[in-house]
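A.B. asks: This is the structure, below, for whatever I ask next.
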Amino acid sequence: MTGPDDTTSPGLEGAMREVGRAVVGDAQRRNLVPQIQARLAQLEARSPRRAAPWAWALAGAGACAALAAFVWLRPQPLSFAVAGETARGQVGAAIVAPAVAPLALNFSDGSAVMLPPRATAHVDALEKDGATVAVDDGTVEVSVIHRARTHWQIRAGAYRIQVTGTRFAAGWDQRAQALTVTMHEGAVLVTGPGLAEPVRLVTGQRLRASASGVSLGLESGAAPPVSVKDQPMVTPPLPIEPAPALAPPAPALAAPRAPAAHPHRADAAHGSASGVPDWRVAAAHANYQEALAAAMQAGWRGECAKLDADDVILLGDVARLAGDLPRAEEAYRAAHRRFPSADRPVFAMGLIAFEGRHDYRAAADWFAAYVRSFPRGPLAREAAGRLIESRLKAGDDAEARAAATAYLRDFPGGPHAAVARRTVHP
């Protein structure tokens, strides 16, 4: 019996390569590659010494296909390329953005790290489930694609930012040894100097940390910073959160703001004139369970029916982050019905359908509606990428290819470009 070290005839080797290409192509068309890779990784972990013998002991066309899948589809470490260069990027090599233009690092899983002019960084490690990128100086924009198993990390000095799938900015001031993390979408976990315990950041929050002090507030900076030691740990119900809350009634996104002063409120910091706690104050401090309870006490449906677009969308965000998806959907639908020019409710409904309900056809309908209604909206690129994922997971291969083709036309350098290319050319 021959083994992996024996000489293989050119004809057999070529045939096996053809079978391998066919297996991989079929798996990509059916969006099965992640599941196959995860299963192969489990098999290798359980019986690493027996993997090769059983593979070579098999015979026939079925065995050839199995062996091809094992060789071609077993998880491989990620790779990356610096925009404008054809060679693969090297781990540990210094990367410096030019003085007059940003520089993108594109990873093979579809994730991307954008360096602004003069920023410096390097890739510390590449694994099959993610990468570690070190920010040496400057503020980088990070977009990590969420997968079943994701192990991404951003390092800045002694700080570590654990990422699963999200978009955020990570700024490192080398002289001051200070970190700033601004969340655009999703959630991360930050550890490092000045932080007594890991701090979880979600959409719309901004963390500033150094050995001498730490503050946590909203991205817009309108709300007063909250001490981290007084900030409860909030775990959002969805792996990936939508972009910053509070879109105005127009196809443009506004950053989260502090509770506004309304004439009918006696004192927003202490509650309304009726004595009911103002839920906006709790929401501004990321106390979502408290904010939800206060909004329900004020009359949930009445609030959805009478408040302005900003506040109705914020009600949806509060309910979603508190884990109450039905009420979140109720608020987002009310905002969509009452303020059809607001883009955020459409994207948020698609996100809930995708991440919370796993209803990929409904998610595709919402993301397609966003792309159609807000082609230049602030979340158009994200919605177009999510549309590809939704079509693939729903098994709509033809629609997925159409969505991928449109994505490559409109966002050729976007974070979903690699997925789009694989969808168009499996």
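Every number in this text was worked out from the coordinates using simple rules, so none of it is lab data. What you see is a predicted model, and the numbers here were worked out from it, not measured in a lab. Ideal geometry is used to build each Cβ from the backbone, glycine not excepted, and the neighbour counts take in all protein chains shown.
A.B. asks: Can you give the Rg and Dmax of the range 80-230 based on its C-alpha atoms, in angstrom?
C.D. replies: 14.9, 49
A.B. asks: Here's a follow-up. With a point put 7 Å past each Cα toward its Cβ, work out how far Val96 is from Glu197 in nm, to one decimal.
C.D. replies: Going by the 7 Å Cα→Cβ label model, 4.3 nm.
A.B. asks: Whose amide H sits under 5 Å from the amide H of Asp136, counting only residues 5 or more places off or on another chain, with H placed in the peptide plane?
C.D. replies: So Asp136 has HN proximity to Thr120, Ala121, His122.
A.B. asks: May I pose another question? Ranked from highest to lowest mean number of other Cβ atoms within 10 Å per residue, what is the order of the peptides 338-350, 172-184, 312-324?
C.D. replies: Ranking the peptides 338-350, 172-184, 312-324 by packing returns 312-324, 338-350, 172-184.
A.B. asks: Using the Karplus curve 6.51 cos²θ - 1.76 cosθ + 1.60 with θ = phi - 60°, work out ³J(HN,Hα) for each residue of the range 116-121 in order, rounded to whole Hz, and write x for Gly and Pro.
C.D. replies: x, x, 6, 6, 10, 7
A.B. asks: Ordered by residue, what ³J(HN,Hα) values in Hz, to whole numbers, does the range 189-201 give under the Karplus form 6.51 cos²θ - 1.76 cosθ + 1.60, where θ = phi - 60° and Gly and Pro are x?
C.D. replies: In residue order, the calculated couplings are 10, 10, 10, x, x, x, 9, 5, 8, x, 10, 8, 10 Hz.
A.B. asks: Okay, next question. Between His151 and Arg88, what length comes free when the chain is fully extended (0.36 nm per residue of separation minus the Cα-Cα distance, one decimal in nm)?
C.D. replies: 20.6 nm
A.B. asks: In percent, how large is the relative contact order of the range 279-424, given Cα pairs closer than 8 Å and 6 or more residues apart?
C.D. replies: The value is 13 percent.
A.B. asks: 5 Å is the cut-off here: which amide hydrogens, built 1.01 Å from N in the peptide plane, fall below it relative to Asp109, excluding neighbours closer than 5 in sequence?
C.D. replies: Ser79
A.B. asks: Suppose each label sits 7 Å from its Cα in the direction of the beta carbon; what would the Val424-Lys306 distance come out to in nanometres?
C.D. replies: The answer from the label model is 5.2 nm.
A.B. asks: Also, quick follow-up: Hey, for a label at Ala211 modelled as a point 7 Å past Cα toward Cβ, could you say which residues of the range 160-193 have their backbone N under 14 Å away?
C.D. replies: Output list for this probe position: 174-179, 192-193.
A.B. asks: By count of other Cβ within 10 Å, fewest leading, how are Lys306, Lys128, Lys393 ordered?
C.D. replies: Sorted ascending by nearby Cβ count, the order is Lys306, Lys128, Lys393.
A.B. asks: So what is Rg over Rh here for the range 116-179, counting just Cα atoms and using Kirkwood for Rh?
C.D. replies: Answer for the range 116-179: 0.97.
A.B. asks: For the range 277-325, what percent of Cα pairs sit more than 12 Å apart?
C.D. replies: So the pairs more than 12 Å apart make up 55 percent of the total in the range 277-325.
A.B. asks: Would you calculate the separation in nanometres between label points at Gln289 and Ser108, each defined as 7 Å from the Cα along the Cα-to-beta-carbon direction?
C.D. replies: 4.3 nm
A.B. asks: Which semi-axes, in whole Å and largest first, does the equivalent ellipsoid of the range 279-424 have when worked out from the alpha carbon gyration tensor as the square roots of 5 times its eigenvalues?
C.D. replies: So the equivalent ellipsoid measures 32, 14, 13 Å along its semi-axes.
A.B. asks: May I pose another question? Suppose a student asked you for the relative contact order of the range 80-230, using Cα pairs under 8 Å spaced at least 6 residues apart; what percent would you report?
C.D. replies: 13 percent.
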